[in-house]
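Notes follow the structure.
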Amino acid sequence: MCGIIGYIGKQEAAEVLMEGLRRLEYRGYDSSGLALLNGQGLTIQKAHGKLQRLVDRLQKDPLFGTVGVGHTRWATHGIPNEMNAHPHTDCKTEIAVVHNGIIENFREIKKSLEGAGHQFHSETDTEVLPHLIESLYKGNLFQAVQQALQRIHGSYAIAVVSAKEPNRLVAARKGSPLVLGLGKNEFLVASDVPALLKQTREIVYLEDGEMVDIGVGSVRILTIEGKLIQRESIQVDWDISQAEKEGYPHFMIKEIMEQPRSLKQTAAGRIQQGKVMFQELEVLRAGLSDPKKINRVILLGCGTAYHAGLIGEYLLEKFIQVPVEVEMSSEFRYSSPAITPETLVIAVSQSGETADTLASVRHAKKQGATVISICNVVGSSITREVDATLYTHAGPEIAVASTKAYTSQLAVLFLLSLYLGGLRKTAPADENERLLGHFKQLPEQIEKVLAQSSNIQELAGRYAQFDRFLYLGRHVNYPSALEGALKLKEISYIHAEGYPAGEMKHGHIALIDDKMPVLCIVTKSSVYEKMFSNLQEVHARGGKIIAIATQGDSEIRGLIQDGVYLPEAHEFVSPIIVAVALQLFAYHVAVHRGLDVDQPRNLAKSVTVE
Ligand code: AGP
């Protein structure tokens, strides 16, 4: 949902800002722009479309200067075009602002500024900011920004520069992420850590309601009210190469291929002597182990994270035997669930910045619930508001379509179920040990699925021209069907629907014909026979079946058109290897269709607005 960056130092800012924007492009890619201070004033370059268009412009018309701001946009207010692209400026083109978020009261501010003679050029909410700052400016940029922020409602991460104070960069956040990078004789602010990694790994995560006032060689963090904040920086251990494609054509396939490793990282140090250990939950241990203190669980998430939650529901109910519900964060935040202090809320989020999940976390906390998060991005907003976080440690995920973060979320949910089952003695110790044995085989089993990538590519080629798909699954692999369908939709623009196979005869069966391939997850499990019957039902009606099945399954051969055969896995860990096969299928279909896999239309990686 837009990426912002600001730089002040000794290097040519355009290079640093463009490098950062390249790593933020996953947040939005419908237009981009830079504003630099070059000693004579503010110079700006913008382009409609992908970042490459801005690169081309800058090659023809370079910008110079060592202080500046940059932006890559995902449109909320105003269509994607050059006029609406950031940075936005004041009437005299002296103040430049980049913004991620939404200014809710922009209409009334705009009206009053227009009344005072300010001229607006875009349809964006953001443009009110430079004009408001201009109207409040009395020789101190920091104070003018501070006063402007006190008048606006909504969410923002902003970075501001002004030709009147060419050695100053002011930034602030409320509701949208912002990190400060401390380099050698240079400072940066950005929406996300990968944008800073080329310059520094020393990072300060800013909190909501905080501002930074940066000069050449000096930086202060203050609250919007002006209270000075002391905050230790942290050293992030992400490597710049993790944010590169490393020879793969797309980030998505690189991230799919990384899953044996990412899964090992997720589990590292968490299985000891046949038991699951979550050091992070030690502070909550007393509550978690007592059925009277926690008697209900609610899982929250959006999109793929929600699907992970749905699988978590089956696992948690099985192992801790308390009622478990799963809610989409966007619905939960406006609902009135009867949350009590005995409720454990588990928020699942790759980015830790999804606006609806963050708001839901606050909603649950207000009502006294214990809230933990399962998150990939260290120090992200959600992790700072919850009682404890279980990091997925999947490494940076750049492709918009979530892959390795999802399988790591499933791994954490599996381990958490065993951990809680162990604490509460609701799951027999020998069963835990047996299941951990199955879990440990996953990296090797995933390698075997990945080795089938070229077969899946061929298969995808045979189906890439269809324009609708049905995905069917049961039990823990019903959410796998939802997730497989979501992957196909978001990167291939093919309508795909995930559905519980047992429900098919109540309506969806009417859709079956030879123009809609049906992807059936029919791996060996406690519901195999039931799925087998569903396969027969589809087959009897002339449906084309692609089966995701278990190696050696010859029974289904007469019913299906095509199959992807997976190593035999215990049903509770099977969604992890099923996911890998479905990710590969969606990826190859999108590539066959010639689509932009990493940056699908209309989407953005982190949805930091409602
Ligand atoms: C996944 O492929 C999607 N791009 C999307 O559904 C995503 O999972 C969702 O927006 C939630 O994001 P989060 O995990 O960062 O909260």
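The values are calculated or read from the model by the stated rules, or taken from the named source; none is laboratory data. None of the values given here were measured: they were computed from a predicted structure. For neighbour counting, all protein chains shown are included, and Cβ atoms are generated from backbone atoms with ideal geometry for every residue, glycine included. Heads up: the accessible areas ignore ligands, DNA and RNA and are worked out on the full protein's heavy atoms, side chains in. Shrake-Rupley method; radii C 1.70, N 1.55, O 1.52, S 1.80 Å.
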message = Quick check: net charge around Q457, other residues with Cβ under 14 Å of its Cβ, Lys/Arg +1 and Asp/Glu -1?
response = 0
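Given a 1.4 angstrom probe, I'd like the percentage of the accessible area of the chain that is carbon and sulfur, rounded to a whole number.
Ligands and nucleic acids excluded, carbon and sulfur reach 48 percent.
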query = Which percent, nearest 5, of DSSP beta bridges in the chain are antiparallel?
reply = 60
query = Any idea of Y565's accessible area? Nearest 10 Å², probe 1.4 Å.
reply = 40
note = antiparallel share of DSSP beta bridges within the stretch 251-440, to nearest 5, in %, is 10
request  = Give me the aspartates and glutamates in straight-line cross-link reach of K245: C-alpha distance below 17 Å, same-chain residues under 8 apart excluded.
outcome  = E19, E25, E255, E258, E397, D596, D598
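Less than 15 Å Cβ to Cβ from F278, Lys/Arg counted +1 and Asp/Glu -1: what total charge do the surrounding residues give?
Charge balance near F278 sits at +1.
Going by a ≥ b ≥ c, the root eigenvalues of the Cα gyration tensor, does the stretch 346-385 fall in the rounded group (a/c under 1.5), the prolate group (a/b larger than b/c) or the oblate group? Write out the running numbers ahead of the final one.
Working: a/c = 2.08, a/b = 1.70, b/c = 1.23.
Prolate is the answer for the stretch 346-385, as a/c is 1.5 or above and a/b outweighs b/c.
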key: Normalised contact order of the stretch 3-243, rounded percent, pairs of Cα under 8 Å and 6 or more residues apart   = 20
task = Over the alpha-carbon set of the stretch 545-601, divide Rg by the Kirkwood Rh and report the Rg/Rh ratio to two decimals.
result = 1.07
ask   = Hey, can you rank 226-235, 296-305, 497-506 by average C-beta count inside 10 Å, highest first?
value = 296-305, 497-506, 226-235
note = Distance in Å, no decimals, from the C-alpha centre of the stretch 180-252 to the one of the stretch 106-139 is 29
ask   = Any idea how far apart V283 and Q40 come out in nm if each label point goes 7 Å out from Cα toward Cβ?
value = 5.5
Solvent-accessible surface ranking, highest first, for K174, K198, K293 at 1.4 angstrom = K198, K293, K174
message = Quick check on the stretch 251-440: take the gyration tensor over C-alpha atoms, sort the square-rooted eigenvalues as a ≥ b ≥ c, and tell me if it's rounded (a/c under 1.5), prolate or oblate.
response = oblate
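With a 1.4 Å probe and all protein chains in place, put M257, M211, M328, M18 in order of accessible area, largest first.
If we order M257, M211, M328, M18 from most to least accessible, we get M328, M257, M18, M211.
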task = Would you check the accessible area of T340, probe 1.4 Å, heavy atoms only, in square angstrom rounded to 10?
result = 50
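Using a probe radius of 1.4 Å on heavy atoms only, what accessible surface per residue do you get for the chain? Whole Å² is fine.
37
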key: For the chain: span of alpha carbons on each principal axis (Å, largest first)   = 77, 55, 42
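How would the stretch 453-592 be classified by its alpha-carbon gyration tensor: rounded, prolate or oblate, with rounded meaning a/c under 1.5 and the a/b versus b/c comparison settling the rest?
Cα axes put the stretch 453-592 in the rounded bin.
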ask   = lysines within cross-link reach of K164: Cα-Cα under 30 Å, excluding same-chain residues under 8 positions apart?
value = K10, K46, K60, K92, K110, K111, K138, K174, K184, K198, K227
key: Shape box of the stretch 3-243 [Cα atoms, principal axes, largest first, Å]   = 50, 43, 32
ask   = Taking only the alpha-carbon atoms of the stretch 410-520, what semi-axes of the equivalent ellipsoid follow from 5 times the gyration tensor eigenvalues under a square root, in whole Å, largest first?
value = 33, 19, 11
ask   = How about K515: which lysines have a C-alpha closer than 30 Å to its C-alpha, ignoring those fewer than 8 places off in the same chain?
value = K487, K489, K505, K524, K530, K544
task = Using only the C-alpha atoms of the stretch 44-138, find the volume of their convex hull and express it per residue in Å³.
result = 105
query = Using alpha carbon centroids, what distance separates the stretch 162-178 and the stretch 275-309, in Å?
reply = 38
request  = Please list, in chain and number order, the residues 5+ apart from L566 or on another chain whose amide H is under 5 Å from its amide H, with Hs placed from the backbone.
outcome  = A549, T550, Q551
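Within 14 Å, Cβ to Cβ, of V580, how many net charges do the neighbouring residues add up to if Lys/Arg are +1 and Asp/Glu are -1?
Counting the neighbours of V580, the net charge comes to 0.
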message = 7 Å from Cα along Cα→Cβ at both E244 and R220: what's the point-to-point distance in nm?
response = 4.0
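Give the ranking of D30, D208 by solvent-accessible surface, highest area first, calculated with a 1.4 Å probe.
Accessible-area ranking of D30, D208, largest first: D208, D30.
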